[in-house]
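Student: Dumping the structure here so I can ask a few things about it.
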Amino acid sequence: MKTIFITGATAGFGKAIAYTFAQHAWRLILNGRRQDRLEALATELRNDYGADVLTLPFDVRDREAVVQAIRNLPHEWKWVDLLVNNAGLASGLSTIQEGDFADWDVMLDTNVKGLLNVFRCIAPTMVERGQGHIINIGSIAGKQTYLRGNVYCATKAAVNALSEAMRIDMLPHGIRVTQICPGAAETEFSLVRFKGDAERAKQAYAGYKPLTAQDIADIVYFAATRPGHVVLNDIVVTPLAQASPYYMHKG
Ligand code: NDP
Ligand code: 8X3
């Protein structure tokens with residue numbers, strides 16, 4: 001039985017990925033900060049799919065907490081087959097010259113340093129075994145910078161570069177590295193970006209059919225289940241109505 005470790009499993013993509021892999025009888029390690037949501041999800045997955053689930057609540061920005069949580073994994077959970085670095089966020093949508101320092105910190109610390117914190121603790125165990133798969137959730141924002149996207153786009157451009165770096169440095173060790181770069185997907189992403197403004201968040205998905213979290217979970221599962229010699233390096237996926245961050249065809 002294979003083990004998947006998902007960061008940011010309390011909502012959106014991470015939660016849908018958890019359902020999908022539970023349905024396919026993977027063992028799950030689920031991370032996120034909201035422990036109540038993690039426990040509710042774990043209970044549901046155990047009851048509905050008989051899933052073997054371990055919850056690991058920590059903030060990916062808290063390096064010491066990440067190190068301790070992963071170092072103290074029970075022995076039978078130590079060998080992770082697939083790490084999905086999904087936890088992340090956009091905070092704010094202002095011009096760079098008007099940017100908020102706290103927004104910058106939370107995005108850089110979560111999307112870049114948080115991803116590195118978790119990666120650095122898991123990757124050596126994959127190297128030790130000579131197998132494993134890392135899937136990083138990037139974004140079309142990392143491929144093309146858009147108006148007012150500035151620091152969020154920079155964090156996802158960093159994920160793009162880090163995904164390449166991981167693939168290169170771990171090449172001799174048989175580790176697969178995949179980056180998935182979604183366009184607009186309806187999750188809690190915009191609610192977080194607009195700091196709880198539900199009306200503004202709703203507008204982000206008005207007039208077209210956005211991607212769903214399940215669309216991304218299906219792609220993660222497909223990437224994870226290719227034959228061992230096949231690696232999907234980089235996947236860009238948008239709704240039909242979106243050609244790039246700039247071109248959205250609204251009905
Ligand atoms: P959601 O807001 O729905 O989910 C984000 C998840 O990340 C939550 O489970 C949240 O859990 C977790 N998270 C945030 N900060 C931390 C932290 N410091 N430590 C641990 N977990 C954290 O958004 P999405 O599902 O849409 O986003 C998932 C990823 O996909 C992000 O990296 C995002 O940038 C990326 N993305 C999203 C797109 C979209 O349009 N939705 C498009 C392209 C990429 P909790 O708050 O409980 O910690
Ligand atoms: C999230 C998608 O286009 O709003 O990464 O940046 S976008």
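Student: If you take the residues in the stretch 97-121 that are surrounded by 21 or more Cβ atoms within 10 Å (Cβ to Cβ) and aliphatic (A, V, I, L, M), which one is farthest from ligand 2 (Cβ to nearest atom)?
Tutor: Within the stretch 97-121, the match that is farthest from ligand 2 (Cβ to nearest atom) is Val118.
Student: Output the residues belonging to the stretch 153-192 that are of a type in the set (D, E, K, R) and assigned to a strand (DSSP E or B).
Tutor: Pass one, the stretch 153-192, residues of a type in the set (D, E, K, R): 156, 164, 167, 169, 176, 186, 188.
Matches in the stretch 153-192: Arg176 only.
Student: I would also like to ask the following. At pLDDT 95 or above, more than 16 Å from Pro182 (Cβ to Cβ) and assigned to a loop (DSSP other than H, G, I, E, B): does that describe Pro239?
Tutor: No: the conditions fail for Pro239.
Student: Going by the structure shown, is Thr125 closer than 18 Å to Gly14 by Cα, in a helix (DSSP H, G or I) and open to solvent by less than 50 Å² (accessible area, probe 1.4 Å)? Lay out the reasoning, then the answer.
Tutor: On the way: closer than 18 Å to Gly14 by Cα: no; in a helix (DSSP H, G or I): yes; open to solvent by less than 50 Å² (accessible area, probe 1.4 Å): yes.
Spelling it out, it is not the case that Thr125 is closer than 18 Å to Gly14 by Cα, in a helix (DSSP H, G or I) and open to solvent by less than 50 Å² (accessible area, probe 1.4 Å).
Student: Which residue pairs have Cβ atoms under 6 Å apart, sit 6 or more places apart or on different chains, and have a first residue in the stretch 196-215 that is touching a residue at least 60 places away in the same chain (Cβ under 8 Å) and polar (S, T, N, Q) and a second that is within 14 Å of ligand 1 (Cβ to nearest atom) and open to solvent by less than 30 Å² (accessible area, probe 1.4 Å)?
Tutor: Gln214/Ala16
Student: Please enumerate the residues belonging to the stretch 137-149 that are buried (at least 22 other Cβ atoms within 10 Å of the Cβ) and either more than 9 Å from ligand 1 (Cβ to nearest atom) or more than 29 Å from Trp77 (Cβ to Cβ) (or both). Can you show your working first?
Tutor: As a first pass, look at the stretch 137-149 and keep what is buried (at least 22 other Cβ atoms within 10 Å of the Cβ): 137-139, 141-142.
Of everything in the stretch 137-149, those that are buried (at least 22 other Cβ atoms within 10 Å of the Cβ) and either more than 9 Å from ligand 1 (Cβ to nearest atom) or more than 29 Å from Trp77 (Cβ to Cβ) (or both) turn out to be Ser139, Ala141, Gly142.
Student: Within the stretch 204-219, which residues are part of a helix (DSSP H, G or I), open to solvent by 30 Å² or more (accessible area, probe 1.4 Å) and either among the charged types (D, E, K, R) or in contact with a helix residue (DSSP H, G or I) (Cβ under 6 Å, 6 or more places away or on another chain) (or both)?
Tutor: Looking only at the stretch 204-219, we keep the residues that are part of a helix (DSSP H, G or I), and these are 213-219.
In the following step, the residues that additionally are open to solvent by 30 Å² or more (accessible area, probe 1.4 Å) were identified as 214-215, 218-219.
Answer for the stretch 204-219, where residues must be part of a helix (DSSP H, G or I), open to solvent by 30 Å² or more (accessible area, probe 1.4 Å) and either among the charged types (D, E, K, R) or in contact with a helix residue (DSSP H, G or I) (Cβ under 6 Å, 6 or more places away or on another chain) (or both): Gln214, Asp215, Asp218.
Student: Please specify each residue of the stretch 165-203 satisfying the condition of being open to solvent by 30 Å² or more (accessible area, probe 1.4 Å) and within 8 Å of ligand 1 (Cβ to nearest atom).
Tutor: Passing the criteria: Glu186, Thr187, Glu188, Phe189, Leu191, Val192.
The rows are residues; the columns are (1) within 19 Å of Ala185 (Cβ to Cβ); (2) within 15 Å of ligand 1 (Cβ to nearest atom); (3) not basic (Lys, Arg).
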residue	(1), (2), (3)
Ala11	yes, yes, yes
Gly14	yes, yes, yes
Leu30	no, yes, yes
Asp52	no, no, yes
Gln68	no, yes, yes
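Student: A further question on this structure: Of the residues in the stretch 7-45, how many are buried (at least 17 other Cβ atoms within 10 Å of the Cβ) and within 17 Å of Ala65 (Cβ to Cβ)?
Tutor: Step one: of the stretch 7-45, the residues buried (at least 17 other Cβ atoms within 10 Å of the Cβ) are 7-22, 26-32, 37-38, 41-42, 45.
Add one more test, that the residue is within 17 Å of Ala65 (Cβ to Cβ), and what stays is 7-10, 29-32, 38.
Looking only at that region, the number is 9.
The values are calculated or read from the model by the stated rules, or taken from the named source; none is laboratory data. Bear in mind that the values here come from a model prediction, so they are computed numbers and not experimental data. Because the Cβ atoms are built from the backbone with ideal geometry, glycine has one as well, and the counts that use them run over all protein chains shown. Side chains are part of the model used for accessible areas, which takes the heavy atoms of the whole protein and leaves out ligands, DNA and RNA. Shrake-Rupley method; radii C 1.70, N 1.55, O 1.52, S 1.80 Å.
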